[in-house]
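Q: To start, I am sharing the structure in question, which I have written as structure tokens.
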Amino acid sequence: MKGLSGVENNQGIIGFFPKPAWTESDLTGRVIALEGIQDPGNLGTVIRTAAALGGFSIISSGSGVSFYNPKVVRASAGYLFSVPFLSGLSHRDLVRKGYHLWYACPSEGIPLPETELEVPLAILFGSEGSGLDRDNIAAEGRKLMIPMNGEMDSLNVAVASSIVMYEINRRSMINNAQG
């Protein structure tokens with residue numbers, strides 16, 4: 001078991017599953033786009049949150065940690081198999097497909113509570129160390145920010161994306177209750 005698991009204190013169970021084969025047609029109307037995420041725990045948390053809230057897909061620029069990294073799979077608590085994800089797809093590809101593009105920025109943009117987040121939408125989050133590549137911020141997108149206490153200048157990418165996903169879900173539930 002120790003040789004197969006790769007985890008020091010395994011649970012005594014090992015399963016073998018085929019890798020998910022998602023395509024662009026599997027993407028939902030609510031996409032979390034990640035650019036250069038390096039920490040497997042962060043990516044796993046984004047996947048797990050997307051699964052918990054439902055209706056989200058994830059794309060990755062292709063630079064950064066692999067969706068199949070063992071630590072990503074563990075951090076996602078197995079939800080990697082239920083959340084559509086694609087690597088190597090650009091946020092510009094989503095714009096061409098009609099998605100409304102938002103850039104999550106730590107200190108500039110429209111405060112999240114004031115944004116109008118129309119579906120289909122894609123929200124782009126940058127890497128843990130350097131944030132969004134300014135060269136990748138296109139004119140067709142808008143910036144949003146999460147209002148924070150004056151002492152804070154940024155949030156962990158997993159936390160920031162979770163807050164944004166929750167807000168999108170909250171609004172969807174309100175709209176469904178009213179409509």
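Computed from the coordinates by the stated procedures, all read-outs in this text should not be read as laboratory data. The shown structure was predicted, so the numbers you read here are calculated from the model rather than taken from an experiment. Using ideal geometry, Cβ is built from the backbone for each residue, glycine included, and neighbour counts are taken over all protein chains shown.
Q: What FRET efficiency do you get for residue 110 and residue 174 if R0 is 22 Å and r is their Cβ-Cβ distance, rounded to the nearest 0.05? Can you show the working numbers first?
A: Numbers: r = 19 Å, r/R0 = 0.86.
E between residue 110 and residue 174, to the nearest 0.05, is 0.70.
Q: If I build a Gaussian network model for the chain, linking alpha-carbon pairs within less than 10 angstrom, which residue out of 16, 85, 125 has the largest mean-square fluctuation?
A: Maximum fluctuation in the GNM of the chain, among the listed residues, is at 16.
Q: Can you spot the lysines whose alpha carbon is less than 24 Å from residue 2's alpha carbon? Ignore those fewer than 8 places along the same chain.
A: Result set, ordered by chain and number: 19, 71.
Q: Which of 115, 45, 28 ends up with the largest GNM mean-square fluctuation for the chain, with Cα atoms connected below 10 Å?
A: 115
Q: So for the chain, averaging the separation of alpha carbon pairs under 8 Å that are six or more residues apart and normalising by length, what relative contact order in percent results?
A: 23 percent
Q: Out of all Cα-Cα pairs in the range 70-116, roughly what percent, to the nearest whole number, are more than 11 Å apart?
A: 78 percent
Q: Also, quick follow-up: Sort 61-73, 142-154, 94-106, 29-41 by the packing proxy (mean of other Cβ within 10 Å over each peptide's residues), most packed first.
A: Details: 61-73: 16.7, 142-154: 12.6, 94-106: 18.3, 29-41: 21.6.
Ranking the peptides 61-73, 142-154, 94-106, 29-41 by packing returns 29-41, 94-106, 61-73, 142-154.
Q: Lysines near residue 143 by alpha-carbon distance under 21 Å, same-chain residues fewer than 8 away left out - which ones?
A: 97
Q: Okay, next question. So which residue, out of 54, 141, 129, gets the largest mean-square fluctuation from a GNM of the chain using Cα contacts under 10 Å as springs?
A: In this elastic network of the chain, the residue with the biggest mean-square fluctuation among 54, 141, 129 is 129.
Q: Going by alpha carbons, how many degrees (0 to 90, nearest 10) lie between the helix axis of 40-53 and the longest principal axis of the chain?
A: It works out to around 70 degrees.
Q: Also, quick follow-up: Just for the chain, what percent of DSSP beta bridges are antiparallel, to the closest 5?
A: Of those bridges, close to 5 percent are antiparallel.
Q: Hey, another quick one. Report the local net charge at residue 156: Lys and Arg +1, Asp and Glu -1, summed over other residues whose C-beta lies under 10 Å from its C-beta.
A: Taking every other residue near residue 156 into account, the sum is -2.
Q: What are the residues whose amide H is under 5 Å from the amide H of residue 110, where those residues sit 5 or more places off or on another chain and H is modelled from the backbone?
A: The list, which skips near neighbours in sequence, is 143, 144, 145.
Q: Could you tell me what % of all Cα pairs in the chain have separations over 20 Å?
A: More than 20 Å apart: 53 percent of the Cα pairs in the chain.
Q: Measure nothing fancy, just the Cα-based angle from helix 157-178's long axis to the longest principal axis of the chain, in degrees from 0 to 90, nearest 10.
A: 60 degrees
Q: Can you list residues from other chains, or at least 5 along the same chain, whose modelled amide H is less than 5 Å from the amide H of residue 28?
A: Distant-sequence amide H within range of residue 28: 57.
Q: Moving on to the next point. Mean residue ellipticity at 222 nm from the helices of the chain, using -39,500 (n - 2.57) per DSSP H segment of n ≥ 4 over the full residue count, to the nearest 500 deg cm²/dmol?
A: So the helix-based figure for the chain works out to -8500 deg cm²/dmol.
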